[in-house]
Amino acid sequence: MLEHQTLVDFIKTVAIPCFPKNLRLVDFLKETSDKNGVVELLIQLPFPGNGLIPELESQLKEALVAKWPSQAFTIKVVQNLVAYETKAGVAPLAKIKNIIAVASGKGGVGKSTTSVNLALALRAEGATVGLLDADIYGPSIPIMLGIPNAKPVSEDQKTILPISSHDLEAMSIGFLVDEKQATVWRGPMASSALQQIVRDTQWGDLDYLIIDLPPGTGDIQLTMAQKIPVTAAVIVTTPQDLALADAKKAIAMFEKVKIPVMGIIENMATHICSECGHQEAIFGEGGAERLSTEYEVPVLGQLPLTMAIRSDLDEGVPTVVKQPDGPIGLSYRGIARQLTANLTRLGKDFSKGAQGIQVATWAPKK
Ligand SMILES: Nc1ncnc2c1ncn2[C@@H]1O[C@H](COP(=O)(O)OP(=O)(O)O)[C@@H](O)[C@H]1O
Ligand SMILES: [Mg+2]
């Protein structure tokens, strides 16, 4: 029987290119056991990683078979998504493990587009996910999720039930208030509406709640930081200088209120022509990378400006749902994994409560 430590020492030396950056597979090899001569490796992922399993299996298999050709192996991958600590002083929400705010300094950069596809990508990777549209001044998630006329109901006259769409739990300020009315609200009113909607929605048990914030760095964002237990933030920007300047303000704001920024998503990084497939960097190049270097915040990924992303949302069937294995779907899913992998930086041990078991087995050919 191969010793656990022998496998640990070997796996340390193996490159697993599909694994998220900055994480080592060996750190998540929890156990090695012998099941009637078959060596079973138990791998416990700290992020939702359904899309990773086939590649992980084949990359690991290749290495193990080369090293121990006559040994049979099973790998068991379990997923263990924990709640990370948030700032002291804000009471956590009982049913929500982690709240991730999606922010941008500037409007129109694709914050809602990113929020919706990111939430669905986390779902596709195996997490339970809620999505809250908190953009009081321009709620667009009901349309993007294909539920523009949904009316949430209340069973107890105190709390409201989220609407289910594409296997997400969704709530939007747009379901509850008239947009024309909300646009004249002042900061404090908008902020208290946001707090209320987060707390008064009857969320189920969620691994992640994604909040699509209104653009900007004003009152609403600050109140949220002080009153809602946000685990981390993600910044959406385009490569354009104007958007980057505002993204900087957003990063600085989160730093000030001590909400860790887990990464930057560069949207509309290039334009892909739907006729000929030609790519062009119409908003400039390398912007997010420069921002990343300056603020030491990683770039989680890039999305092109492409017709399908827009038209799928207009139809209410976002690209991640329509083509989960297409290039755009895979990009969002890779971003979702990297984002949640980066949360492990927040430090918490992830040794308990695994779920979502998947098994791959291989034996040497006789
Ligand atoms: N990568 C993209 N490719 C094509 N269209 C996009 C992309 N990102 C956003 N859009 C479109 O741009 C518009 C603005 O995006 P949206 O997500 O609503 O921005 P924000 O929430 O930042 O105001 C929408 O019509 C959306 O469909
Ligand atoms: Mg929006």
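None of the figures in this text is laboratory data; all of them are computed from the coordinates on show. Since this is a predicted model, take the numbers as computed values, not measurements. Here Cβ is always computed from backbone atoms with ideal geometry, including for glycine, and neighbour counts include all displayed protein chains.
Laid out as a table, the results:
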quantity: Taking only Cα atoms of region 77-182, radius of gyration then Dmax in Å; calculated: 14.9, 49
quantity: Efficiency of FRET from Cβ geometry, residue 55 and residue 273, R₀ 22 Å, rounded to 0.05; calculated: 0.15
quantity: Fewest-first ranking of 185, 203, using other Cβ atoms within 10 Å as the exposure measure; calculated: 185, 203
quantity: Ranked by how many other beta carbons lie within 10 Å on average, peptides 115-127, 151-163 from highest; calculated: 115-127, 151-163
quantity: Efficiency of FRET from Cβ geometry, residue 196 and residue 330, R₀ 41 Å, rounded to 0.05; calculated: 0.65
quantity: Mean Kyte hydropathy of 0.0 or more with a Cα span along the axis of at least 15 Å, helices from DSSP in the chain; calculated: 111-124, 241-256
quantity: Distance-filtered residues of region 17-39 - backbone nitrogen under 16 Å, label point 7 angstrom along residue 2 Cα→Cβ; calculated: 25-39
quantity: Restraint check, 97/322; 35/76; 61/97, Cα-Cα greater than 23 Å; calculated: 97/322; 61/97
quantity: Region 147-162 versus region 173-222: alpha-carbon centroid distance in Å; calculated: 15
quantity: Unit charges at the beta carbon, dipole of the chain: most positive-side option, 190, 217, 48; calculated: 48
quantity: Restraint check, 151/180; 111/249; 180/248, Cα-Cα greater than 22 Å; calculated: 180/248
quantity: Loop-located trypsin sites (Lys or Arg not before Pro) in region 197-296 whose Cβ has at most 14 other Cβ within 10 Å (DSSP); calculated: 258
quantity: Cut-off 13 Å between beta-carbons: net charge of the residues surrounding residue 334, Lys and Arg +1, Asp and Glu -1; calculated: 0
quantity: Length gained when the stretch residue 257-residue 13 is fully extended (0.36 nm per residue, less Cα-Cα span); calculated: 83.8 nm
quantity: Neighbour cut-off at most 16 other Cβ (10 Å), DSSP loop, GluC sites (Glu not before Pro), region 199-276; calculated: 275
quantity: Fraction of antiparallel bridges per DSSP, the chain only, in percent to nearest 5; calculated: 30
quantity: Stretchable slack from residue 164 to residue 63, in nm (0.36 nm times residue separation minus alpha-carbon distance); calculated: 32.1 nm
quantity: Separation between Cα centres of region 97-121 and region 300-329, rounded to whole Å; calculated: 14
quantity: Gain in span if fully extended, residue 36 to residue 91, counting 0.36 nm per residue against the direct Cα distance; calculated: 14.9 nm
quantity: Counting DSSP beta bridges with both ends in region 120-236, the antiparallel % (nearest 5); calculated: 25
quantity: Nearest-20 debye value, the chain charge dipole, Cβ charges on Lys, Arg, Asp, Glu; calculated: 740
quantity: FRET E, pair residue 240, residue 310, Förster distance 22 Å, beta-carbon r, rounded to 0.05; calculated: 0.80
